[in-house]
Amino acid sequence: MPPASPHKPAVAGIPVGPGGGYGWRSGLFDFMDDPMNALVTAFFPCLTFGQIAEIVDDGHTTCGTSGLLYGAIAFCIGMPCLMSCTYRTKLRSKFGLPEAPAPDWVTHFFCEWCALCQEYRELQHRGWDPSIGWHGNLARNQMQQPPPVMMAPMNQRMMG
C-alpha cells in the first residue's frame, strides 16, 4: 500500500468493482422489507432462486431451468446452498458488493432463505425486477427510454 497522504487517511479494505461501492442496500435479516417475497421464498425457494439466477446470468439461463436444478439439488442431497452460493458470488461481482456478513457459502448454508431474499431485494434496489425476468426487464427499460430525436445533417442541403 502506498504511503498515506497527510491530507487523506489510507483506506484498506475490500476493493470495490464497477458497482459504485455502495455495498448491500439492505441487510441479511431485512426480509420483512418485502413480506410477499419472504413468503414466496419460505414456501418456494426454487422460484426466488430461479428469478435471481436469470437476472444474474443476463438471461442465459431461464428462471425455470435454474429453479428446477435448485429443486433437484435440494431433493437429492438436501443442500441447495451448494448452487445458490455461487450466484451470490456472481451477484457480488456484478455490482461490486462486499462478501458480507460472512463468506457466501456460510451465508447460504446457515441463512439460505434470508440470503435469497436479500439478493432479490438487492436486484430490486438496483432497478431490476426479478419477477418479470431478463427479457421483461429489457422490454421495460426500452419502453422507458425516450425515442431518439432525428435531425437533418449539418452543413448539407438538398439538391433538387
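Computed from the coordinates by the stated procedures, all read-outs in this text should not be read as laboratory data. The structure displayed is predicted, hence computed values, not measured ones. Every residue, glycine among them, receives a Cβ derived from its backbone with ideal geometry; neighbour counts consider all protein chains shown.
Key figures
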| read-out | value |
| --- | --- |
| At R0 = 22 Å, FRET efficiency that the Cβ-Cβ distance of residue 34 and residue 141 yields, to 0.05 | 0.55 |
| For the stretch 75-136, alpha-carbon Rg relative to the globular expectation (2.2 N^0.38 Å, N residues) | 1.15 |
| Sequence-separation-based contact order of the stretch 35-127, relative, with Cα cut under 8 Å and 6+ spacing, percent | 28 |
| Label point 7 Å beyond Cα of residue 132 along Cβ direction - residues of the stretch 26-43 with amide nitrogen under 18 Å | 37 |
| Test item: Cα-centred dipole of the stretch 80-160, Lys/Arg +1 and Asp/Glu -1 on Cβ, debye | 380 |
| Integer Hz, Karplus 6.51/-1.76/1.60 couplings in order for the stretch 136-150, x for Gly and Pro | x, 5, 4, 5, 4, 5, 5, 6, 7, 7, x, x, x, 8, 9 |
| Prolate/oblate/rounded call for the stretch 22-66, Cα gyration tensor, a/c under 1.5 rounded | oblate |
| Stokes-Einstein D (µm²/s) once Rh is taken as the Kirkwood radius of the stretch 35-127 over alpha-carbon pairs, at 20 °C in 1.002 mPa s | 165 |
